[in-house]
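Notes follow the structure.
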Amino acid sequence: MEKEEMDDEVRLEKESVIPILKVELVRKLASLIEHDDRAEFEKLCKRVEYTIRAWYSLQFEELMDLYIYFDPVNGEKILNKRKMSPGEIETLELSFLTHLFQMMEKSSFKLLTKEEYKVAQSGQYLLKIPIEVDESKVDQDLFRRYFRGHQQEKPQEDLPDFADKYIIFRRGIGEDQITEYFFKEKVNVIISRAWRLLLRVTRIDRLFTKKQERSKKDTKKTDEPYEDVEDQNIIVKRIRLEKMELSITNLLGKTKIQEPTFERMIVVYRRASTKDKPDRGIFVKHFKHIPMADMELVLQEKKNPSLTPTDWVKFLVSAIIVVATLICYLLIPKADIWIVVAILAGVIVYCAKIYLTFRANKISYQNLITKATNDNQLDSGKGTLLHLCHDVIQQEVKEVILSYYILMEQGKATIQDIDLRCEQLMKEEFEEDCNFDVADAVKKLEKLGIVTRDKIGRILCVPLKKANDAIGNTTEEKVVEARQAKAGP
């Protein structure tokens, strides 16, 4: 039983992201500070945000300027006007991807790994038919060149097989739940369990036992190194009908199924083109709340679903049964015609069930595609990049504010202490688990000049008034003061 429960758990590494809004964080922390210091703290929060925004301004501009050349809408016209050589264009492509990957890392988006994709595909949720990408319609050269050029700088050894065609970033883990009767699906579960029982009774399943044992041993070896980082993982339950206990109540009543979701997904790809007429457009699409088992929905240039090889085998076996039945009827003069009719009717009904199930699944697939496009797609192209830039600033600001507050309230601390206390505060005050990126936060605190170190390396913050003086009056504050002066009393 314990093993079955483990099979229902999806375990993924936590991202270094603070999952609450900056305005909520500032409001809550300010309320915990003595009233006399509250105004100075709020001023510091604003100055930190203005300063960090200025730090990243040039980097954001470079990213957006590079994307102009690869915008699928107008990029081709701009490239034609500039009359660049293929080598110059390829240099700009790799520069854009380098900036994009840096922004993704700063905003706590992670590259989807081969292991995560394998875990996602190990279950089934709403998508009932296999989805394939038409590889002839997707470029397979751009990302190969990028990863080949960055292999020594930052090796990527655990990429999915489709990484030469699509790059998928993910952030945040959630849950999607549906409660329905699922009558058709429950019938399929009963048939599946009956089939497995037949395999056990006939001992055919023993043919696969050794292979499964080897797979379990390999998994055990892989899991051992991660025992020390157990608290860095997030665990979400996957509730499937396949694990349902068979009872009259469960079969006739409503049942809840649950699937972990990637709360944010960004897909980057390029369409295939020819040497005579190259297409340099790079698509960047942003999605929300995508069930892990159905993540193929976000992939573009998909093939039109068709009957699977298994379905065709079923049709072939059914045809053989029909032919065998007719031959037996012709060879045996005294054969009961009604038995023959019953067999033929059963085969026909079975074939009709296969086809009608496929049609129903195809309609469901088309509805899911429509939902993913209309409801789950947040933005694309420039809109996604602007959203990404905003995310970077918000995360950096929240890291600085939270770590400074901890030092202000609790005094000197080591990096490990700051990390632990920030995560504890998030849990106690906001009921949120997070993996705090303390090293990056301390670097920014030091760059702002609002922390110092003692002789043994412990970190301490300067008082609020001195911290505000260290950052100084920002351009944004001067603009606000000018507006207020112009408005008058």
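Values quoted throughout were computed directly from the atomic coordinates according to the rules given, and no laboratory measurement underlies them. Nothing here was measured: the structure is a model prediction, and the numbers come from that model. Here the Cβ positions follow ideal geometry from the backbone for every residue, glycine too, while neighbour counts run over all protein chains shown.
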Using just the alpha carbons, could you tell me how many Å³ per residue the convex hull of the range 26-158 encloses? 227 Å³
What is the Cα centroid distance between the range 409-458 and the range 99-122, reported in whole angstrom? 26 Å
Considering only the other residues whose Cβ falls under 12 Å of the Cβ of Gly381, what net charge follows from Lys and Arg at +1 and Asp and Glu at -1? 0
When the charge dipole of the range 103-163 is computed with +1 on Lys and Arg Cβ and -1 on Asp and Glu Cβ about the Cα centre, the Cα farthest towards its positive end, among Val133, Met104, Pro160, belongs to Met104
Determine, from the Cβ-Cβ distance of Thr452 and Arg11 and an R0 of 30 Å, the FRET efficiency 1/(1 + (r/R0)^6), rounded to the nearest 0.05. 0.15
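Using R₀ = 35 Å, calculate the FRET efficiency as 1/(1 + (r/R₀)^6) where r is the Cβ-Cβ separation of Glu88 and Lys22; round to 0.05. Present the calculation step by step, with values, prior to reporting the outcome.
Numbers: r = 40 Å, r/R0 = 1.14.
Taking R0 as 35 Å, the efficiency between Glu88 and Lys22 is 0.30.
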Explain nothing, just the number: dipole magnitude of the range 32-91 about its Cα centre with +1 on each Lys and Arg Cβ and -1 on each Asp and Glu Cβ, in debye rounded to the nearest 20. 400 debye
Extension gain, Leu378 back to Ala352 (0.36 nm per residue minus Cα-Cα distance, nm): 5.4 nm
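What shape does the range 229-288 have by the C-alpha gyration tensor, where a ≥ b ≥ c are the square roots of the eigenvalues, rounded means a/c under 1.5, and otherwise prolate means a/b greater than b/c and oblate the rest? Can you show the working numbers first?
Values: a/c = 4.33, a/b = 2.23, b/c = 1.94.
Prolate.
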Which net charge results when you count Lys and Arg as +1 and Asp and Glu as -1 among the other residues whose beta-carbon is under 12 Å from that of Asp37? -2
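Round to the nearest 0.05 the FRET efficiency obtained for Ala194 and Ala272 when R0 = 41 Å and r is the Cβ-Cβ distance.
Computed FRET efficiency for Ala194 and Ala272: 0.35.
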In what sequence, highest mean first, do 171-178, 386-393 appear when ranked by Cβ atoms within 10 angstrom? 386-393, 171-178
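By average Cβ neighbour count within 10 Å, what is the ranking of 124-137, 180-193 from highest down? Intermediate results must be reported in sequence, preceding the final value.
Working: 124-137: 15.3, 180-193: 13.2.
So the peptides 124-137, 180-193, ranked by packing, come out 124-137, 180-193.
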Per-peptide average of other Cβ atoms within 10 Å, ordering 427-435, 94-102 highest first: 94-102, 427-435
Within a Cβ distance under 14 Å of His286, other residues only, what is the Lys/Arg minus Asp/Glu net charge? +2
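Show me the GluC sites (Glu not before Pro) within the range 23-52 that DSSP assigns to loop and that have at most 11 other Cβ atoms within 10 Å of their Cβ. Kindly include the intermediate steps, with their values, before the conclusion.
On the way: sites: Glu24, Glu34, Glu40, Glu42, Glu49; in loops: Glu34.
The qualifying sites are Glu34.
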Would you mind calculating the relative contact order of the range 408-489 from Cα pairs under 8 angstrom and at least 6 residues apart, reporting the percent as a whole number? 29 percent
Under 1.5 on a/c is rounded, so check that first for the range 411-463, then, if it is not, pick prolate when a/b is larger than b/c and oblate when it is not; a ≥ b ≥ c are the square roots of the alpha carbon gyration tensor eigenvalues. prolate
Can you compute the modelled spin-label distance between Asn80 and Glu157, with each label point 7 Å from Cα toward Cβ, in nm? 4.6 nm
